[in-house]
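Below is one structure, written out as C-alpha cells; the observations come after it.
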Amino acid sequence: MIVQWCIKGMSLSNDNEAQAIIDSRMGIVSNWWRESRRISPAERRDKLTAANLDFHINHFTDKDQKTGKPFFQQTPFISFSCGTVERDAAAKTNFIHTALRTALWFGTNFGTTNTAYLFTCWLIVGTRAAVEIESVAEEVRDLNSYRRYSAYQTEGEIVAKVVVPDNHIQQCQKWTWNQASRRITPGWIYSNPRFTTPDKLSNIRELI
C-alpha cells in the first residue's frame, strides 16, 4: 500500500460551504451519497465495479441507460489530482502536469468562476487495481495498472470510493482569480483540527 497526498479542487458557492466540509465531519462524499442521502453496505458493494469506474473516468457526463441521469450524479467515486508525467517520444522529453494546476482547473469549474477551493488530503492507494475494495483508492493515472487508453490520463487522477473521512483532510485553501493581473493566487487557509497525519501509518511492527 502507498500513502498518497492529493488535492481535490471544488467549485463551491461561498466560504461557508467550503469550511462546512471540514466542520460537518462528513468528509468528502461521492455525488451518489450526496444525492441519495442514505446508502446501505450492500449498495456500496454493488456500485464499486470496473464498469462504473470506467464510466467515472471516461463517460462522466454521459447518461446512464438504466436511470437516464448523467453518471456524475450517481458516481460512487471521487476524483483527486496528484500530478503525472506525459512522455512525448517525438520530442524526446517529458511534460509535468502538476496536481495544483489540475485542481485549480476543476476548482474554477474549468475557468468559468473566479474562486477555487482546494482540499489537501491523503489516501491509501493499492499497488494494483482493486475496484471492489472500498478502503483503497485506485491509481488510474498509472499506465502499468490501467492500460486502456483514456483521453484524461494527463489529469493525474487518483480515485477514492464513496467517502474520504474528514480526518484525512489536512486543510482547505481558497484561491482567487484576478482578472486585472490575469493571475490566480492563494488566499486563506482553513485547517482541520481533527486531521490525522499519515505518519501514524507504517509497515514496521515493534516486538511484543
Check your understanding: Stretched out fully, how many nm does the piece from Arg183 to Asp23 gain, at 0.36 nm a residue minus the Cα gap?
Key -> 54.6 nm
Review point. Sorted from fewest to most neighbouring beta carbons within 10 Å, what does the list Phe80, Phe71 look like?
Key: Phe71, Phe80
Exercise for review: Have a look at Val125, Gln173, Phe110 and report the one farthest towards the positive end of the charge dipole of the chain, computed about the Cα centre with Cβ charges (Lys/Arg +1, Asp/Glu -1).
Suggested key: Phe110
Check your understanding: About its Cα centre, what dipole magnitude does the chain give when the only charges are +1 on Lys and Arg Cβ and -1 on Asp and Glu Cβ, stated in debye to the nearest 20?
Key -> 120
Check your understanding: Ratio of the chain's C-alpha Rg to 2.2 N^0.38 Å, to two decimals?
Key -> 1.06
**Study point:** Anchor Lys69: aspartates and glutamates whose Cα lies under 20 Å away (excluding residues fewer than 8 positions away in-chain)
**Key:** Glu35, Glu43, Asp46, Asp54
Check your understanding: Computed FRET efficiency, Cβ-Cβ of Thr127 and Arg194, R0 35 Å: what is it to the nearest 0.05?
Key -> 0.75
Point to revise | Derived scalar couplings ³J(HN,Hα) [region 34-40; Karplus, 6.51 cos²θ - 1.76 cosθ + 1.60; whole Hz; x for Gly, Pro] | key: 5, 6, 6, 6, 9, 10, 10
Exercise for review: Enumerate the amide H contacts of Gln170 below 5 Å, restricted to partners 5 or more residues apart or on another chain; note that Pro and chain-start residues carry no placed amide H.
Suggested key: Thr120, Cys121, Trp122
**Study point:** Debye, to nearest 20: dipole size of region 143-208, +1 on Lys, Arg Cβ, -1 on Asp, Glu Cβ
**Key:** 180
Revision key, fill the gap. Among Lys63/Lys174; Lys161/Lys200; Lys8/Lys200; Lys92/Lys161; Lys8/Lys92, the pairs whose Cα-Cα distance exceeds 29 Å are Lys63/Lys174; Lys92/Lys161; Lys8/Lys92
Exercise for review: Give me the net charge of Ala50's neighbourhood, meaning all other residues with Cβ under 11 Å from the Cβ of Ala50; Lys, Arg count +1, Asp, Glu -1.
Suggested key: -2
Exercise for review: Sort Trp5, Trp33 so that the residue with the fewest other Cβ atoms within 10 Å of its own Cβ comes first and the one with the most comes last.
Suggested key: Trp5, Trp33
Check your understanding: With each label point set 7 Å from Cα along the Cα-Cβ vector, what nm distance links Thr98 and Ser145?
Key -> 2.5
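Taken together, the values in this text are just the output of simple stated rules run on the coordinates, not laboratory data. The structure presented is a predicted model; accordingly, all values stated were derived computationally and were not measured. All Cβ positions, even for glycine, are placed from backbone atoms using ideal geometry, and neighbour counts span all protein chains on display.
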